[in-house]
Structures are given as structure tokens and as C-alpha cells.
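Colleague: Provided herewith is a single structure, encoded as C-alpha cells, for subsequent inquiry.
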Amino acid sequence: MRTFFSLSPLVAFASVALAQTAPGPQPRFADVAREVGLTVSHISSPEKRYIVESMSGGAGFIDCDNDGKLDILTVNGSTVDRYKPGGDPMITLYHQDDGFKFADITKSAGLTRKGWGMGVAVADYDNDGFPDIYVTGYNGNALYHNLGNCKFEDATEKAGVAAGGFSTGAAWGDYDRDGDVDLFVSRYVHFDIDHLPNFGKNEKNCSFKGIPVQCGPWGMLGETDQLYHNRGDGTFEEVAKKAGVDDPNKYHGLGVIWGDYDNDGWPDLYVANDSGPNYLYRNKHDGTFEDVGLLSGAAVSPDGMEQGSMGVDWGDYLHEGRLSMFVTNFTEQPDALYHNLGTPGFSDVSYAAKLGRATYLPVGWGTGFFDMDNDGWLDLFVANGHVYPQMDQVRGAPPYRQPMLLFRNQRDGTFEDLSGVLLGIPDASRRGAAFGDVNNDGKADILLVNTGEPPTLLLNQTPDKNHRVLFKLAGTKSNRMAIGARVTVKAGKLVECNEVRGGGSYLSQSDPRLHFGLGAATRIDEVEIRWPSGKIETLQGVPADFIYEVIEGQGIQHKTVLPPL
């Protein structure tokens, strides 16, 4: 997570706070977490003496009872002292009730497994119509099978996906296109809670900027990654080595995401590694993968340096019909925007896109491309926070609690830093970030997990007059949640595309419904859906300002009108 060059900390970090807004409607977000009932605090030690106490914090959206309203998941974490007697509930589930209020239903929902939660990913792994929950954690993960009406059973052992080790990222994707979603799990470092490093004893790799901090990840042995192939009977087979994605180098895996970067109709896999080159696994269509990260230019910095990579997201930010990659990194490393050039591979355009300076000093975690103002162009958000509370003792160093970053797409390959609009929201050391229209008003909102504190829910109140649309897809031949489906919308000269995902950002799960801003367009000329099965379906003349439910092979089955502009 460290780097090898420096800028003036005071000058670079000040750019976050002094960012100016662009002309036109100013983005507006309000933290409504407490007033709507999101009050359960993430659990973490104040001092962060051990690396396991720094990494937790996935956030997620799920409609657990299919009532059309997003419910909320937050991963709880733990501490060394709390874990040894049994740990804490790995996750909290809030049900969205009437009046835009949320109730903690974790216990009644059956999400009772205790441990040390890290991340979350959602999919309907058995295609029964109810979204299921996978939670990663230290020394054991959990798979919760949805029985309907937000009631879950623990299917971890039956399914064979407990994993173990220090699991972090998780992402669902049907890599062999057989109609059943498979599960990839990244793992971080080997950590033995019964043989803890001696904090403050000047052990190797246990200091930063001259002061004692938690040990690692440098000097710590990594762990292999795992790929669970869905047998279609409620059980999984671990096939990472056979598929070529087991990470024999034992890099320190964190954020993971599936996405078809080469437009061949098969999901590929990106893995962010902390202090190691990132993996880009190209799907070879035969159940195996080839790592093309270094060859394609999407694995390291432009000068060939390994980076401390955390969060990930795909996005076609230039309307080219190709998914580019954004990766958040450790302090004194700019977050990386890898522009997808097609056949030539990727180009790191972080500074050319005007993202490098603002992201250089913060420690980046959860992130996502999202259209905050419904103008039809993907904007960018980054959640930040240091891993070392001890940095508050170092003059000129980035603090432990850090501001968030918000960038507006300038439509020319560059972004404008509008982070100043978020300065009224208290800084925190944030981790997971999930994106979704939580109140069904047609605007994308942001859910954040803060280490050692209750979550943040940023309600999007941007005063725009742009049109928008959401699509909720259901597969028949494809997996039921249509994870991996690509939707392309064409409205006049505006052409946008995105894919349904089961996991991404930093250990988080965004709204599986696809949201598109449409600008001034009141009607979509054409909607093309490329289902995971390979089937292509088109819809013509689709009115804007609705949430559409589309079933594979059957077209639009239901629509819900969005509030008037």
C-alpha cells in the first residue's frame, strides 16, 4: 500500500478541500442515515494495531422480499479482543419500511452467524427468484439462502463455500454461461490471531513515516484466491487452480469484479491486489482464464510500479462501447483510470483525466462510476480513509479521517473535481461504497460503511431536470438475476451501456438494477439487452422516467413510474 515518490502533502491534500464546482446545477447530497434508522455501528478497534482490524467494511443493496424497494446491508467487522470469544454478527440487514424508514431485521431474518465480516455480494445462486447473500470474513465466510420474505437459512456448509483464511472480495458471475452464477473470492494475507505481531516493537514492515503502525501487508505471506463453480444443485466445486485464477504468487487480493472488457460476450475478471500487480483474467470460453493484466496495461502504474490497490469499477465513461477500469490506491499513489482502447489494451490516463492530483494523498477504498445528475455521462465517486490512526500524530500527513471525492464527467475524457459539495458531511475513515436508487426517485444514491462508526447514506438531491430510466432484469435461460447482462440504450445521439453485477467497488454490492441518465431525451429509441446466455433482445421506443422489469425472452412485464421532474 506504499509508494516510492512524493509531493507536498499540504498542497496536494488541500486540493480536495478547495475543489470548485462547475457552472450549472450543483450536485447536492445529504447524509440521512441516522434519520432513516441506519444506526448500527461498524465494529473496529480505535488503535488498529493489527491489519485485520483495518480492512473490513463492505456495503450493499438488496431487495430481499422483492417489494420493489431496496433494503440495506452493512458488514460489521470485529476486533481481536471480541473475535476470540466468538466474534460479532457478520452483517446487518435493514428492511426498508413505509415512509422511507429502515428497520434492523438481522436477527429475525436469520443472519446470525458470528465471525469477522469483511465484504458482501448478492446473487440468486439457485435461481429461485430470491436474492441470496454471501459474506466474506476472516477465518470463515457465510452463504445465506433467501427463503422468501427476507428470511434466510445458513447454507454455507451445505454449499461448500466457507473458504477460510482472510477472505475479502467476492463477486458473482456466470463465467461458463451455463445459467448458474459462480463465485470468485479474493483472499488477502495469512494472519494468525493466536500469534499476533508485537505492535510498536520496531518489527520489520511495522512502521510508516517513522512511527509504529500495524504490521503488513509487506512482509506478510499472502493467500491464494478461490473460484467456486456452481453445480446447479445448491453446491459448489472449488476450481480456481484448474481455471487458472488461484493466484499462485499469493498476492494480497482485495476488490474483485466481473465485466466483459473485450466485448466477446463472456465475463472476464479483474482483481485488485494490495502491493502487487493487479490481475485481469481474460475468459477463454472453455472454463479457464488467462491473466493479461501486465500485457494489456491494466496491472501497474505507467512507470511499472506495483500499487496498493483496493476498490474497482468498470464504466464506459466516454461512450465508446468499451468498459474502462477505475482502481483506488493507497496514499501517495494516484487512483488509476485505465482507459480501454480496445485491441491495443489499456492506457493509464489518471493525470490526463485530471484525477491524479486529487487522488494522490488520500487512501482510496469504495468507488463507482455513476450518473449523479442524469445527464447521460458517468461521474465518479471515491470513499477515502487512512488505515493508520497514528497518522494524526504526523505533521503534514493525510489524517485518519478523510473527505470523500466526487468528480463530474466533462464529456471529453476529463473529470472536474466537485468534492467541495460534500464538505458539509463529516470526514471518516470509510471503506465500502454501494450505489443505487434507494428511494426510487430516479437518482443514484450512495451507501458507505465507516470504520468504527454508523454508516452514511448519501441521498442524491441534485436539482436537475434530466430524464432517466432503470431496468430490473430477470433471466430465464440466463441466471435469474441476469448478472452479466449488458444493456445498451440509444436516445438520439446518446449511446450508453452497462452491465448487471454481483459485487464490486470495495467489497460491496450495488443496486442490480441498471440506471441510465437520459439528459433531455423523453424516449429511448432502442434498448439492446445482451443476456448472459448470449441471446440479444431489443426494445423500441421506450418512454423515459420509468423503472422497467424485463424478463428474458418476454420483454417488459411491469413498469413503475418515477416521480415527476
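The values are calculated or read from the model by the stated rules, or taken from the named source; none is laboratory data. The structure presented is a predicted model; accordingly, all values stated were derived computationally and were not measured. Don't worry about glycine lacking a Cβ; one is built from the backbone with ideal geometry, like all the others, and counts go over all protein chains shown. To get the accessible areas, we keep the full protein, side chains included, count just its heavy atoms, and leave off ligands, DNA and RNA. Shrake-Rupley method; radii C 1.70, N 1.55, O 1.52, S 1.80 Å.
Colleague: Be a star and scan segment 520-550 for residues whose amide nitrogen sits under 16 Å from the point 7 Å along the Cα-to-Cβ vector of Ile556.
Modeller: 521-529, 537-550, by backbone N distance to the label point.
Colleague: Okay, next question. Quick one: with all protein chains in place, what share of the accessible area of the chain is carbon or sulfur, to the nearest percent (1.4 Å probe)?
Modeller: Summing carbon and sulfur atoms, their accessible area is 50 percent of the total for the chain.
Colleague: Order of 42-48, 308-314, 190-196 by packing, highest average Cβ count within 10 Å first?
Modeller: Going from most to least packed, we get 308-314, 42-48, 190-196.
Colleague: A 25 angstrom limit on the alpha carbon distance is what I want to check against. Which of Lys477/Lys559; Lys284/Lys493; Lys101/Lys477; Lys101/Lys490; Lys69/Lys158 exceed it?
Modeller: Violating the 25 Å limit, Cα to Cα: Lys284/Lys493; Lys101/Lys477; Lys101/Lys490; Lys69/Lys158.
Colleague: Another question about this same structure. Can you tally the net charge around Gly555? Count Lys and Arg as +1, Asp and Glu as -1, for every other residue whose Cβ sits under 12 Å from the Cβ of Gly555.
Modeller: -2
Colleague: Tell me whether segment 278-332 comes out rounded, prolate or oblate; compute the Cα gyration tensor, take square roots of the eigenvalues as a ≥ b ≥ c, and use a/c under 1.5 as the rounded threshold. Before the final figure, lay out the partial values.
Modeller: Values: a/c = 1.99, a/b = 1.26, b/c = 1.59.
The shape class here is oblate.
Colleague: Separate question: Under a Cβ-only charge scheme (Lys and Arg +1, Asp and Glu -1), can you give me the dipole magnitude of segment 419-565 about the Cα centre, in debye to the nearest 20?
Modeller: In debye, rounded to 20, segment 419-565 gives about 300.
Colleague: In the chain, which Cys residues have no partner Cys with a Cβ closer than 4.7 Å?
Modeller: Cys497
Colleague: Rounded to the nearest 20 debye, what is the charge dipole size of segment 54-141 about its Cα centre when +1 sits on each Lys and Arg Cβ and -1 on each Asp and Glu Cβ?
Modeller: Dipole of segment 54-141, to the nearest 20 debye: 600 debye.
Colleague: Sticking with this one: Over the Cα atoms of segment 361-490, what radius of gyration and what Dmax do you get, in Å?
Modeller: 17.1, 59
Colleague: How would you classify segment 492-565 from its alpha-carbon gyration tensor, with a ≥ b ≥ c the square roots of the eigenvalues: rounded for a/c under 1.5, else prolate if a/b is greater than b/c, otherwise oblate? Don't jump to the answer; show the numbers that get you there.
Modeller: Values: a/c = 1.56, a/b = 1.20, b/c = 1.30.
Oblate shape, in that a/c is at least 1.5 and b/c is the bigger or equal ratio.
Colleague: Answer with a single label: of (1) 67, 55, 50; (2) 77, 57, 50; (3) 69, 66, 57, which was calculated as Cα extents along the principal axes in Å from the structure in view?
Modeller: Label (1) holds the value from this structure.
Colleague: Continuing with the same structure: Starting with the highest mean, order 292-304, 273-285 by the number of other Cβ atoms within 10 Å, averaged over the residues of each peptide.
Modeller: 273-285, 292-304
Colleague: Can you give me the relative contact order of segment 163-318 as a percent, contacts being Cα pairs under 8 Å and 6 or more apart?
Modeller: Relative contact order for segment 163-318 comes out at 19 percent.
Colleague: Once all Cα-Cα distances of segment 447-489 are split into 10 Å bins that start at 0, what whole-number percent is in each one?
Modeller: In whole percents, the pair-distance histogram is 19, 24, 32, 23, 1.
Colleague: Gain in length, Lys158 to Lys535, computed as 0.36 nm per residue apart minus the alpha-carbon separation, to one decimal in nm?
Modeller: Length gained, Lys158 through Lys535: 132.5 nm.
Colleague: Nearest 500 deg cm²/dmol is fine: what mean residue ellipticity at 222 nm does the chain get from its DSSP H runs of n ≥ 4 alone, each adding -39,500 (n - 2.57), divided by its residue count?
Modeller: On the way: 8 runs with 37 residues, N = 565.
The per-residue figure over the chain is -1000 deg cm²/dmol.
Colleague: Could you give the length gained by full extension between Ser108 and Arg28, i.e. 0.36 nm per residue of separation minus their alpha carbon distance, to one decimal place?
Modeller: Once the chain is fully extended between Ser108 and Arg28, it gains 25.2 nm.
Colleague: Sorted by packing (mean other beta-carbon atoms within 10 Å per residue), highest first, where do 357-370, 550-563 land?
Modeller: 357-370, 550-563
Colleague: Let me ask you something else. Using a simple spin-label model with points 7 Å from Cα along the Cα→Cβ vector, what separation in nm is obtained for Asn198 and Thr288?
Modeller: 4.8 nm
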